[in-house]
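The structure appears right after this line, and notes come after that.
What follows draws every value from the coordinates through simple rules; no lab data is involved. Here the structure is a predicted model, which means the values were calculated and not measured. Cβ atoms come from the backbone with ideal geometry, glycine included; neighbour counts cover every protein chain shown.
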Amino acid sequence: MNKNLKELIELSRLDKAIDDFIPIIENAKKKINRIIASRESLKATIDTLNKDIDNTQAKVEESEEQLSVQNEKLQQNRQKTDNIKSERELKALSLEEQLSKEKVTFAHEEIVRLQSVISIKERTLSETQAQFDSLNTQIDELSIDLNKRLEEIDSKRTQIYNQREELIRTLDKKVLSFYEKIRIWAKNSAVVPVKKQACYGCFMKINDHTYAEVIKAEDITTCPHCGRILYIEPQEA
C-alpha cells in the first residue's frame, strides 16, 4: 500500500477517535447538567416565593396600619358621643362608627387571610429549599466523580492527539492539505473503505477502472462521485 495512503488511513482513524470523545464528554456531563437545570428551576421558585412572601407581608402591615387607624377612629367616636347636641350629629356619628367597624372587620379578615397565604408559601418555601439543598449535595458528589472521569478522558484524548501530531510531522504537506480540504465537508468520513465495489462514504458503486486503482493502492484514489479518499480494508487471516 502507498505510504501516504497508509498514513492517511491512520490519520483518519486518529481524527475520528479524537472527535469520538466529544459525545463521551457530553454524555458524562448529561446527568449533572440535568440536575443543575433542576436546581436553577428550584432557585427561581425560591426567589419567587421569597418575593411573594415579602409582598404579602407588606400587605399585612398595610392592613394592620388600617386596623390601627380605624380603631383610633372608633375611640375618637366614643369620646365624641358625650358632646353630641343633636339627632343629626348622632346619626352622622353612628354612620361613621358603623363604617369604621366594617373596615375593622375587613382589616381583621384580610390579615387572617394574608397570614394564611404567608404560612402556605413558607411551608412551600421550606420544602423547596430542602429539595434545593439536596440537589446541591448531589451536584457536589457528582462533580467529584465527573472531574475524575474528565481527567481520564482528557488523558486518553491527549495521548491520541500526540500520536496525531507525530504522524502529521511525517506526512507529506500536500497530501495533508488535500486530506484537510476533504475533511472540511466529509468530517470523519474523508477516508473510507470500498466494499462490494461501493464507496462507503456516499455508498455509490465505483467503476471498474477506479476499483482496480483502489485495489492496487499504488497512489491515492478518490471516489468519482463524492471525492472521498478510498482504500481496501486488509483481509483478516
Three principal axis lengths of the chain [C-alpha, angstrom, descending]: 126, 38, 32
Per-pair calculated FRET efficiency, R0 = 35 Å: Glu96 and Val117 via Cβ, rounded to 0.05: 0.65
Distance in nm between pseudo-label sites at Glu10 and Glu65 (7 Å out along the Cβ direction from Cα): 8.2 nm
Filtered chymotrypsin sites (Phe, Trp or Tyr not before Pro), the range 168-205: DSSP coil and at most 13 other beta carbons within 10 Å: Phe203
FRET efficiency, Asp208 to Asn162 (Cβ-Cβ, R0 45 Å, nearest 0.05): 0.60
Cα-centred dipole magnitude for the chain, charges only on beta-carbon of K, R (+1) and D, E (-1), debye, nearest 20: 1080 debye
Calculated [θ] (222 nm, deg cm²/dmol) that DSSP helices of n ≥ 4 give over the chain, each run adding -39,500 (n - 2.57): -28500 deg cm²/dmol
Given Lys29/Lys195; Lys174/Lys216; Lys31/Lys187; Lys29/Lys173, the pairs whose alpha carbons are separated by over 32 Å: Lys29/Lys195; Lys29/Lys173
Debye, to nearest 20: dipole size of the range 113-237, +1 on Lys, Arg Cβ, -1 on Asp, Glu Cβ: 560 debye
For the range 175-231, convex hull volume per residue from C-alpha positions, Å³: 66 Å³
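Taking loop as defined by DSSP and a crowding limit of 11 other beta carbons within 10 Å, which trypsin sites (Lys or Arg not before Pro) in the range 184-237 fit?
Taking the range 184-237 and a limit of 11 other Cβ atoms within 10 Å, the loop trypsin sites (Lys or Arg not before Pro) found are Lys196.
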Degrees, to the nearest 10: 3-19 long Cα axis against longest axis of the chain: 10 degrees
